[in-house]
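Visitor: Structure below; questions to follow.
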Amino acid sequence: MGKNLEAFKYFEKSLETIKEILGEKHPYTAKAYINIGNALREMSKYSEALTYYEKSLVIQKKNLGEKHLDAAVTNYCIGSTLYDMGKYPEALPYFEKSFEVRKELLGEKHPDTGMTYQSIGSALYQMHKYANALTFYEKYLVIQTGIHGEKHPDTATAYQNIGSALCGMGKYTEALTYYKKSLGIRKKINGEKHLDAAVTNYNIGSTLCDMGKYPEALPYFEKSFEVRKELLGEKHPDTGMTYQRIGSALYQMDKYANAPTFYEKYLVIRIEVHGEKHPDTATAYQIIGSVLGCMSKYPEALTYFKKSLEVRKEVLGEKHPDTATAYQNIGSVLGCMSKYPEALTYFKKSLEVRKEVLGEKHPDTATAYQNIGSVLGCMSKYPEALTYFKKSLEVRKEVLGEKHPDTATAYQNIGIVLDCMSKYTEALTFYENSLDVRKEVLGEKHPDTATAYQNIGSVLCDMGKYAEALTFYEKSLDVRKEVLGEKHPDTATAYQNIGRVLCDMGVNAEALTFYEKSLEVRKEVLGEKHPDTFRTYLRIGKALQLMNELAKAITYYDKYIEVSKERYGAMDSETRETEVYPMFRVNDANSFEPCHHDSSHMHDSKIFRHLI
């Protein structure tokens, strides 16, 4: 900061001298304005920098014309400053003007033309126009390899940019290829202990997380963390961010007990570096809230989310995208606590801010529509939910395109609400659309693809097509076992779904085997007292009842009621007893006859997607 301030003062004096000798409208005066603008930009005084750049551009256009390299440089500087301010749509036309002149005067293969390709790509990327960004990043790569060859830092950057664009498009496998090329070059040139290699390791880890491959992601985050800690120090924001991603990978692997340690370190670093009232501190509160939410510690999560909102409103203001996210997070945790009317209020605030700040046609606005649809679905207000889910789909198709993971989720949500409205044929169509997109974009072996198979199985069950449903449930199980492993809650759900459809087919002994596998996993991973675990006791009891093993059935029903009393209290457990025991009708003092009625037909697949 000190050197930049000295430079600023020097350039100011220089400007005064040049204006006095050569006048206001001289090309050298224009260059002096640019120098001051550059110094101000280095000091992060972007609005002031813009003023000087614009003065320079006026002089250049008048004296030299639009088609001059000096004007191209100034247009580029204005675009870069607007980019730094987060004003990507405004930055883009300035980059494009600079590009046109440089391409015409310097040629396609000049380094400055290449740099402008990259900047246009970056602006498009930030605007979520990933396919367009990819085109410019690929041109930048061609230029860099032509000038520098394969083994150069700029070539590595080009590969990394392409990887980022492909990630945005949901093409994770292709993205990994480019990130790994970038990492290979960077390690060869600068070695493992370099910040550029740390960045690429971080990106590879993030991409593997997007693919649901959390155990593979963790070593890349750890490598990034080691380098950043050594070179930047424990208290640097980038080191803190790597703490956060390690914690994220751990809780996605269901190692919840280890995750909070990393998040708490991340929060401590943020507060030490920035203080309590800073956007990054608000982000740290948000992240801890998220992991507590994943641990089902909803009241604690709510406290952290509210702290995040408080800081963001004070520091960033009400009308800011991050404030909208804070409203969304509070809505999500309230939804998990079944406080749906309160959740709806926060989701609507999030939507209101996003529409005003980001506009109607933005991915985050689509997410806000989705969240409102989700909570309305949980309130059984299905026609209203459907309206919001359709708005979310419409925006995502327009902004992200048909072939994007979020578009697949939008199809899924519409399918779920149609399923709940008993419009099974329509629901099936949307579930199939979701599956098609996920298989193409994410691949066969992805957790979300497994969920798509599960949803189709669910609606086929509702239609009474049990044999077809079984096929899709088995595919879901195969993917989950391979991708998530045997000991994962979603794998347990897959076992339970197969058990449920086998019960519907009257194959109760086989069904029992799958229920028991589900119970085994849930007890180990989620614990004895988790709702999913004790609901499995109920399933096993029903299977045994249908097999006329009534004494064993009662044992499982009693276990269900016992855990229910412990978790929910005596009054609620009385309600739960009525779910169990009316299924037996007393014939005489020593025997029970099962009634063929199942009050819990819903399969473990109809879950509205909230984004925290």
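The values are calculated or read from the model by the stated rules, or taken from the named source; none is laboratory data. Just so it is clear, the structure is predicted and the values come from calculations on it, not from any experiment. In this analysis, Cβ positions are derived from the backbone assuming ideal geometry, glycine residues included, and neighbour counts consider all displayed protein chains.
Visitor: Would you check if there is a residue in the range 90-101 being acidic (D, E) and within 25 Å of E24 (Cβ to Cβ)?
Guide: No; the residues of the range 90-101 include none that is acidic (D, E) and within 25 Å of E24 (Cβ to Cβ).
Visitor: With in contact with a Leu (Cβ under 6 Å, 6 or more places away or on another chain) and of a type in the set (S, T, N, Q) as the only criterion, which of T513, T555, T536 stands out?
Guide: It is T536.
Visitor: Would you mind telling me which numbered condition in (1) in a helix (DSSP H, G or I); (2) surrounded by fewer than 23 Cβ atoms within 10 Å (Cβ to Cβ) E486 fails?
Guide: (1)
Visitor: Let me ask something additional. Within the range 143-153, is even one residue crowded, with 22+ Cβ neighbours inside 10 Å, part of a helix (DSSP H, G or I) and touching a residue at least 60 places away in the same chain (Cβ under 8 Å)?
Guide: No: the range 143-153 contains no residue that is crowded, with 22+ Cβ neighbours inside 10 Å, part of a helix (DSSP H, G or I) and touching a residue at least 60 places away in the same chain (Cβ under 8 Å).
Visitor: Would you confirm whether or not the range 191-200 contains a residue that is among the acidic types (D, E) and at pLDDT below 70?
Guide: Scanning the range 191-200 turns up no residue that is among the acidic types (D, E) and at pLDDT below 70.
Visitor: Let me ask you something else. Taking the residues in the range 416-455 that are of a type in the set (G, A, S) and assigned to a helix (DSSP H, G or I) as candidates, determine which candidate is farthest from E482 (Cα to Cα).
Guide: Going through the qualifying residues, I end up with A427.
Visitor: Could you list, in sequence order, the residues of the range 116-166 that are farther than 27 Å from L105 by Cβ and among the hydroxyl-bearing types (S, T, Y)?
Guide: Correct list: Y130, Y159, S164.
Visitor: Any chance you could count how many residues in the range 43-68 are under 41 Å from the mean Cα position of the chain (by Cα) and under 19 Å from F95 (Cα atoms)?
Guide: Total meeting the criteria: 9.
Visitor: Among (1) part of a helix (DSSP H, G or I); (2) under 19 Å from P89 (Cβ atoms), where does H128 come up short?
Guide: Of the numbered conditions (1) part of a helix (DSSP H, G or I); (2) under 19 Å from P89 (Cβ atoms), the odd one out for H128 is (1).
Visitor: Being assigned to a helix (DSSP H, G or I) and either at positive phi or modelled with pLDDT of 75 or more (or both) narrows it down to one residue among S296, S224, S248; which is it?
Guide: On inspection, the qualifying residue turns out to be S224.
Visitor: When only residues in the range 421-450 that are farther than 22 Å from G401 by Cβ and among the basic types (K, R) count, which is modelled with the highest pLDDT?
Guide: K423
Visitor: Sort out which residues of the range 188-207 are small (G, A, S) and buried (at least 19 other Cβ atoms within 10 Å of the Cβ), and write them in order of number.
Guide: Scanning the range 188-207 gives A197, A198, G205, S206.
Visitor: Sticking with this one: What residue, of K391, K465, K423, is surrounded by fewer than 24 Cβ atoms within 10 Å (Cβ to Cβ) and closer than 25 Å to P363 by Cα?
Guide: Only one candidate qualifies: K391.
Visitor: Restricting attention to the range 369-388, and to residues there that are touching a Lys or Arg at 6+ places or on another chain (Cβ under 9 Å) and among the hydroxyl-bearing types (S, T, Y), which single residue is surrounded by the fewest Cβ atoms within 10 Å (Cβ to Cβ)?
Guide: The selected residue is Y369.
Visitor: When both residues are 6+ apart or on different chains and their Cβ atoms are under 9 Å apart, which pairs have a first residue that lies in the range 34-47 and is surrounded by fewer than 16 Cβ atoms within 10 Å (Cβ to Cβ), and a second that is of a type in the set (D, E)?
Guide: S44/D84
Visitor: Filter the range 351-368 for residues that are out of contact with any Leu (no Cβ under 7 Å at 6 or more places or on another chain) and assigned to a helix (DSSP H, G or I) and give the result.
Guide: Those that are out of contact with any Leu (no Cβ under 7 Å at 6 or more places or on another chain) and assigned to a helix (DSSP H, G or I): L351, E352, V353, R354, K355, E356, V357, A366.
Visitor: Of the residues E356, E432, only one is in contact with a Phe, Trp or Tyr (Cβ under 9 Å, 6 or more places away or on another chain) and of a type in the set (D, E); which?
Guide: None of the other options fit; the residue is E432.
Visitor: Let me ask you something else. Do you know which of the residues in the range 339-393 that are polar (S, T, N, Q) and touching a residue at least 40 places away in the same chain (Cβ under 8 Å) is farthest from Y88 (Cα to Cα)?
Guide: Filtering first and then ranking leaves S380.
Visitor: While we're here: Which condition does Y83 not pass, out of (1) in a loop (DSSP other than H, G, I, E, B); (2) buried (at least 20 other Cβ atoms within 10 Å of the Cβ), if it passes all the others?
Guide: Only one criterion in (1) in a loop (DSSP other than H, G, I, E, B); (2) buried (at least 20 other Cβ atoms within 10 Å of the Cβ) is unmet by Y83, namely (1).
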